[in-house]
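The next block holds one structure in the form of structure tokens; read it before the comments.
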Amino acid sequence: MSTTHPRSPHDQQPGSCDVADGASLRSMVHGAIATIAVLLLLSAAAMSLLTSFLHRTSRLIDDSVEGVRLAMELQQRMTQYNVLSNLTLASAEAGLVRPRDNSPALEAIVAGADRRLVEVREYVSSPEEESLLREVEQRMHDYFAARTALLERRAPPGEAIQASSPLLDAAMTSLQDFVDKNRRQAQAAMRRAASWDSTADVLSIGVALLAAIATVGSLVALERCVHAPLAALKRVIDRFARGDKAARAQVTGPSELRSIAAVFNGMADRLIYQEANQLAFIAGVAHDLRNPLTALRFAVGSFDPSGPAPTAERVRRANDLVGRQVDRMERLVGDLLDATRIHAGRLELRLEACDLRELAREAAELFQPLSVAHEITVEGAAGPVVARCDPARVAQVLNNLISNAIKYSPQGGAIAISVAEDGGRASVTVADQGIGVEPEEIERIFEPFRRADTTRDLVPGVGLGLWVARRIADAHGGSLEVKSAPGRGSVFRLVLPLAEGAAPASSPSAQAASIPRS
Ligand code: ADP
């Protein structure tokens, strides 16, 4: 469609949508959803990692605290044991008690220490701590063993203190190392937790910001790329509906909206084109009716009752004139009726076997008397070419083709009608030496109300004949095509199916049959 309209300034959309060519609304929505989903997944994964890290850290801190508590309890028990064993030795030396009397209490302290040592093992969290604990155990046992031996042989308190002090100091130092180690461990874990806590704060603020940006970005993109173009399209459609024929949508934005805008523009162009065609059609019909009416008025005028009686020759010419004009009007009315029938899908065919050669000859005979400037010949197979067709409709097509050949060969010339049987099909070609058709108009002349620019002002017509003719050919299961060159003439070819069981034409050799001129 070549109709173009100046773009109205109102077509511009507010805020432009910078999407890549071919990007679709679907891909944009998918992209936005995927971005938000990835952000949510990342934040969920970060949260889960952080939670498990904090869980592990808090366990480590708990273990360290428990380790410190138990180690301090062990220190207490060591001190308790030391004091009680010293007292026992001193009392034994003074003869106040026997060392055996305090044995249950001392053994209870050792048993309690042993239980604490077993408990503390559950809270050990590193190999270094493990080896420290082994050292503690060893030194405590060394101390208890030495003390037990001193008690058993009732060593004097001075000697006992001197002998066991280094062992007690060593065990207490190991326990202190164990306490320090756990304390350091707990402090380091707390520092790490604090640092992860601030990292998590930064991360969650970052993810929340990104999610907010992605959401706002998606809303802005939706507004610019979907809502604004749709609103602009609606405005354009409203303007067009109110009668602004130049209103066209801006083809922009995602591919779906681009194609809606393009479809609307194409539809608007077609409507304008059809409107122009309908106006041309009405003008053509008026023109085609006025000419015969003028001729009829002239013919009626020549029979003035107040004047002398017309001669026989004048009556004959007036009669011919009236007949031709009535034929012309009949054809026009017939085309209009056919057009409405085709539109309503009510084109009925009365199919029968008919000889195309005969139909072509009749059509040529009908038209030859109408033009002395043209020589109409019928060539083709020697025998009948029997097609399955509606003879009245095929005659209508041939009449249209021959009358066009005459109309569009204003200089006169040969009009060759050729009937043939070819590849199981019957065909009739009508060739003229007239003005021809421009290549870009070739297919358009079969559209309703379409007339080539070169012929519009040359010959009257409404541009329905070829459209009706092609529909008739199609309805038969055949076709109507044209080959043409401007200034060199046109060849229209009607192809129809052969009648079943029809005898083939006796000879394909061309046999020319001239229609005598009147
Ligand atoms: P009409 O003749 O009433 O205009 P048609 O549908 O028969 O309507 O033809 C449509 C157009 O095709 C014509 O207006 C003319 O431009 C072109 N045309 C048809 N036949 C010929 C021909 N034999 N030579 C050149 N142009 C033709």
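Got a sec to turn the phi values of region 246-263 into Karplus ³J(HN,Hα) couplings, 6.51 cos²θ - 1.76 cosθ + 1.60 with θ = phi - 60°, whole Hz, x for Gly and Pro?
Once θ is set to phi - 60°, the couplings for region 246-263 become 8, 5, 9, 7, 7, 7, 8, x, x, 4, 4, 6, 4, 6, 5, 4, 5, 5 Hz.
What FRET efficiency comes out for the pair Leu210/Arg56, r = Cβ-Cβ distance, R0 = 30 Å, nearest 0.05?
Working: r = 28 Å, r/R0 = 0.93.
Efficiency at R0 = 30 Å is approximately 0.60.
Where the eigenvalues come from the Cα gyration tensor of the chain, what are the semi-axes √(5λ) of the equivalent ellipsoid, largest first, in whole Å?
For the chain, the semi-axes come out at 122, 28, 15 Å.
What FRET efficiency do you get for Gln274 and Arg317 if R0 is 35 Å and r is their Cβ-Cβ distance, rounded to the nearest 0.05? Don't skip to the end; give the middle numbers.
Working: r = 42 Å, r/R0 = 1.20.
The calculated FRET efficiency here is 0.25.
If R₀ is 22 angstrom, what is the calculated FRET efficiency for the pair Leu289 and Lys483, using the beta carbon separation as r and rounding to 0.05? Walk me through the numbers before you get to the answer.
Details: r = 33 Å, r/R0 = 1.50.
Calculated value: 0.10.
Report the normalised scattering of region 271-412 as log10 I(q)/I(0) at q = 0.17, 0.19 Å⁻¹, calculated by the Debye formula with identical scatterers on the alpha carbons.
So the normalised log intensities are -1.16, -1.26.
Taking 0.36 nm per residue of separation and subtracting the Cα-Cα distance, what length does fully extending Ser27 through Thr79 add?
11.0 nm
Out of region 268-371, which trypsin sites (Lys or Arg not before Pro) are coil in DSSP terms and have no more than 12 other C-beta atoms within 10 Å?
Loop-located and lightly packed - Arg346, Arg350.
Under the 0.36 nm per residue contour assumption, what length would be gained going from the current alpha-carbon distance of Glu500 and Val326 to full extension? Don't skip to the end; give the middle numbers.
Numbers: separation 174, 0.36 × 174 = 62.64 nm, distance 3.83 nm.
Difference between extended and current length: 58.8 nm.
Let me understand region 288-339 better: what is its radius of gyration from the alpha carbons, and its Dmax, in angstrom?
Reported Rg and Dmax, both Å: 13.3, 45.
Let me know the Rg and Dmax you get for region 26-214 when you use only its Cα atoms, in Å.
Rg and Dmax of region 26-214, Cα atoms, are 27.5, 101 Å.
Separation of region 305-321 and region 459-499 by C-alpha centroid, Å?
Measuring centre to centre over Cα atoms gives 39 Å.
Whats the longest run of the chain with zero GluC sites (Glu not before Pro) that are DSSP loop and have at most 11 other Cβ atoms within 10 Å?
Longest site-free region, per DSSP loop and neighbour criteria: 123-347.
Would you mind checking the radius of gyration and Dmax of region 351-514 based on alpha-carbon positions, in Å?
Calculated on Cα positions, Rg and Dmax stand at 15.1, 47 Å.
Normalising by the residue count of region 119-183, find the relative contact order in percent from Cα pairs under 8 Å and 6+ residues apart.
The value is 47 percent.
How high is the relative contact order of region 274-334, in percent, with contacts defined as C-alpha pairs under 8 Å that are six or more residues apart?
45
What do you reckon, how do Tyr408, Tyr143 stack up by accessible area (1.4 Å probe), largest on top?
The ranking, largest first, comes out as Tyr408, Tyr143.
Suppose each label sits 7 Å from its Cα in the direction of the beta carbon; what would the Leu41-Glu440 distance come out to in nanometres?
5.4
Plugging the Kirkwood radius over Cα pairs into Stokes-Einstein for region 202-307, at a temperature of 25 °C and a viscosity of 0.890 mPa s, what D comes out in µm²/s?
The calculation lands on 129 µm²/s.
Provide the gained length on full extension for the span Arg235 to Arg341, in nm with one decimal, where the gain is 0.36 nm per separating residue minus the Cα-Cα distance.
Difference between extended and current length: 34.4 nm.
Extending each Cα 7 Å along its Cβ direction at Glu352 and Thr454, get the distance between those two points in nm, one decimal.
For the pair Glu352/Thr454, the computed spacing is 4.1 nm.
The values are calculated or read from the model by the stated rules, or taken from the named source; none is laboratory data. What you are looking at is a predicted structure, and each value in this text was computed from that prediction instead of being measured. Cβ sites come from the backbone with ideal geometry, for glycine too, and all protein chains shown count toward neighbours. Accessible surface is based on the protein model in full, side chains and every heavy atom, while ligands, DNA and RNA are left aside. Shrake-Rupley method; radii C 1.70, N 1.55, O 1.52, S 1.80 Å.
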